[in-house]
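The values are calculated or read from the model by the stated rules, or taken from the named source; none is laboratory data. Computed from a predicted model, the values in this text were never measured in an experiment. Note that each Cβ is placed from the backbone with ideal geometry, even for glycine, and that neighbours are counted across all protein chains shown.
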Amino acid sequence: MEKRPNIKLTLDQGLAVAHDLRPDRSSQALADILGVKRAYLLRRSVDARRKSDVHFVVTAGIGDGDGAPQVVQPLEGRPLPERRCEGVRPVVVGMGPAGLFAALELAEAGLCPLVIERGAPVEERTADVERYHRTRVLDTTSNVQFGEGGAGTFSDGKLTTGKNSPQITSVLETFVAAGAPGEILWQAKPHIGTDVLSNVVKRMRQRIIACGGEVRFHTQLVGMRTGADGALRSVALESGGTTYEVETSQLVLACGHSARDTFGLLEELGFELEQKPFSIGVRIEHEQAFINQAQYGKFAGHPALGAADYKLACHLKNGRSVYTFCMCPGGEVVAASSEEDSLCVNGMSRQARDGANANAALLCNVTPDDFDDAADPLSGIALQRRWEQAAYAAGGSDWHAPVQRVGSFVGSATEAHTTPEASYPLGVTEAPLDTCLPGFATAALREALPLLDRSLHGFADSGALLTGIEARSSSPVRIVRDPHTLMSTHVHGVYPCGEGAGYAGGIMSAALDGLRVAGALVAE
């Protein structure tokens, strides 16, 4: 198969090709456009740099032979591995992307992992989140942060990453095998959507079990026991008020960035922890039609395009950076709290991205120099908690989120061209965001908004809505591991993994780290 990049297609041509795709990504429409007998769609991106000529750029595979895409076989249709469950099993802590992919890789290798998750299976977890919205009673073990699928389950399900890994294709194909749409294999900016992702993670769990693994929900790591040689011997688990011990010599620690009590446990056990930079800010909302117009001009609304997205960043003179993160086209702001009296938000969108609003995190970088205690590795968590509690108070101490229009926030009296209604599900209260963000963050956001508007006209429109606060975009702690063995520097056999451990940032990079750690464990 010959690979041919940088082919320009009109929007109508791109739509026809997408509609004509087979499961192996071959398309007669694409072949006809290129004047060849057989063609495959390998990649498609939107080029909207010139609003007068918005079009697609594709990479096509021409002809058959080596490299031609194959149909992805569903997980349940694959042969089961030969089980090699002699002696103690590896234990995987956490069922976010890192833990799920590590556990699936171990299960496919026949090692029958025991997977524990403090939260609920995704079906129960979704019901718990909906109950929280109705009753304002937060379940601190099953919410947007904790439960099967991790925090990414209630997100846009974006699968982009800055990493360059040959395993990216493997991750995407695993998602498709578990029920994700095949289009993620050729989209330049693939996403799944929270409604589809819920079923995907459930099917991954079922595959782990089918391969001989075991999954225990509502179960939390509460201790470890090591031998005289410093190697792991067992872990202590707690479920339903009962604590018990499980023998193991291999532990994948993929606990997630909000497992603050687990970080405290690791500090007590003597693990080497480091302070790590993170970010803090707000969610910014515009009407999606407004963003579509800003990005696509007269082509906005074309059925080939869908909801427009954006990614913005600027560097300020004082060294701070402000950027957008986890942009959710046609999405909503979600209640992402996991602790009582502490309010934080995130964003999510469904596969169709057909909601009225666009939202994104608008964040300022936070460095260890901003922490109160340079010697305390958990000082970043204390900073997060302080401002999340301030946001809870600013909203009225009843789970309302504090909001402010951009015009009010920056002190502008200009006319508003977008006036989105707040999508946050528990209600909002108008309040000055200065009361629930550090002074350096509000100053940076005020300075950055007009600068970002130069890249996306209308971004700083006075009617755009800011909802506070977002402080969980990444972990403020790193569990130090050896760069070669990937094991903790404190306990032999413990593998810190994923976003919570400080080695990933997003679904794709976390999944890649899970695969990497699982490979190291299998090779041990």
| Of the residues in region 56-68, how many are within 17 Å of Leu34 (Cβ to Cβ), modelled with pLDDT under 95 and not aliphatic (A, V, I, L, M)? | 4
| query | Which ones in region 137-171 are among the charged types (D, E, K, R) and touching a residue at least 40 places away in the same chain (Cβ under 8 Å)? | reply | Glu148, Asp156, Lys158, Lys163
| task | Identify the residue in region 292-328 that is more than 28 Å from Arg472 (Cα to Cα) and among the hydrophobic types (A, V, I, L, M, F, W, C) and, among all such residues, is nearest to the chain's Cα centre (by Cα). | result | Leu305
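Regarding region 208-221, can at least one residue be identified that is surrounded by fewer than 16 Cβ atoms within 10 Å (Cβ to Cβ), in contact with an Asp or Glu (Cβ under 9 Å, 6 or more places away or on another chain) and assigned to a strand (DSSP E or B)? Can you show your working first?
Of all residues in region 208-221, those surrounded by fewer than 16 Cβ atoms within 10 Å (Cβ to Cβ) come to 209-210, 214, 216.
Pick out the ones that are also in contact with an Asp or Glu (Cβ under 9 Å, 6 or more places away or on another chain) and you get 210, 216.
Remaining after also requiring assigned to a strand (DSSP E or B): 216.
Yes, region 208-221 contains a residue that is surrounded by fewer than 16 Cβ atoms within 10 Å (Cβ to Cβ), in contact with an Asp or Glu (Cβ under 9 Å, 6 or more places away or on another chain) and assigned to a strand (DSSP E or B).
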| query | If we scan region 238-252, do we find a residue that is crowded, with 23+ Cβ neighbours inside 10 Å and either part of a strand (DSSP E or B) or of a type in the set (Phe, Trp, Tyr) (or both)? | reply | yes
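Just checking, does region 304-315 include any residue being touching a Gly at 6+ places or on another chain (Cβ under 7 Å) and either charged (D, E, K, R) or surrounded by 19 or more Cβ atoms within 10 Å (Cβ to Cβ) (or both)? Spell out how you get there, then give the answer.
Going residue by residue through region 304-315, those that are touching a Gly at 6+ places or on another chain (Cβ under 7 Å) are 304, 307.
Now drop any that are not either charged (D, E, K, R) or surrounded by 19 or more Cβ atoms within 10 Å (Cβ to Cβ) (or both), which leaves 304, 307.
Yes: one or more hits.
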| field | Which numbered condition His19 misses (of (1) out of contact with any strand residue (DSSP E or B) (no Cβ under 8 Å at 6 or more places or on another chain); (2) over 25 Å from Pro74 (Cβ atoms)) | value | (2)
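Say whether the condition of being part of a strand (DSSP E or B), modelled with pLDDT of 95 or more and not assigned by TED's automatic domain parsing to the domain that holds Ala304 is met by at least one residue in region 8-19. Write out each step before concluding.
Of all residues in region 8-19, those part of a strand (DSSP E or B) come to 8-9.
Now narrow it down to the ones that are modelled with pLDDT of 95 or more: 8-9.
Keeping just the survivors that are not assigned by TED's automatic domain parsing to the domain that holds Ala304 gives 8-9.
Checked against the condition, which is being part of a strand (DSSP E or B), modelled with pLDDT of 95 or more and not assigned by TED's automatic domain parsing to the domain that holds Ala304, region 8-19 yields at least one hit.
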| Restricted to region 316-339, and to residues that are surrounded by fewer than 20 Cβ atoms within 10 Å (Cβ to Cβ) and in contact with a Phe, Trp or Tyr (Cβ under 9 Å, 6 or more places away or on another chain), which residue is farthest from Asp20 (Cα to Cα)? | Asn318
| field | Flag for Ala180 being crowded, with 23+ Cβ neighbours inside 10 Å and of a type in the set (A, V, I, L, M) | value | yes
| request: Quickly run through region 411-428 and pick out the residues that are crowded, with 16+ Cβ neighbours inside 10 Å and closer than 15 Å to Ala356 by Cβ. | output: Thr418, Pro420, Ala422, Ser423, Tyr424, Pro425
| said: Restricting to region 280-291, give me the number of residues that are surrounded by fewer than 22 Cβ atoms within 10 Å (Cβ to Cβ) and under 24 Å from the mean Cα position of the chain (by Cα). | reply: 1
| request: Name the residue, out of Gly147, Gly162, that is within 22 Å of Cys326 (Cβ to Cβ), touching a Phe, Trp or Tyr at 6+ places or on another chain (Cβ under 9 Å) and outside any helix (DSSP H, G or I). | output: Gly147
| field | Qualifying helices (runs of 4 or more DSSP H) (wholly inside region 26-136; at least 1 residues being aliphatic (A, V, I, L, M), in contact (Cβ under 8 Å) with a residue 24 or more places away in the chain and within 30 Å of Ala16 (Cα to Cα)) | value | 28-34
| task | Would you please name the residue that is modelled with the lowest pLDDT, looking only at residues in region 70-88 that are surrounded by 14 or more Cβ atoms within 10 Å (Cβ to Cβ) and either touching a Pro at 6+ places or on another chain (Cβ under 9 Å) or of a type in the set (A, V, I, L, M, F, W, C) (or both)? | result | Val88
| message | Checking the condition within 11 Å of Gly61 (Cα to Cα), surrounded by fewer than 19 Cβ atoms within 10 Å (Cβ to Cβ) and under 29 Å from the mean Cα position of the chain (by Cα), which residue from Arg43, Arg38 passes? | response | Arg43
| query | Quick one: Thr262 ticks every box in (1) crowded, with 20+ Cβ neighbours inside 10 Å; (2) hydroxyl-bearing (Ser, Thr, Tyr); (3) touching a His at 6+ places or on another chain (Cβ under 7 Å) bar one, so which box is it? | reply | (3)
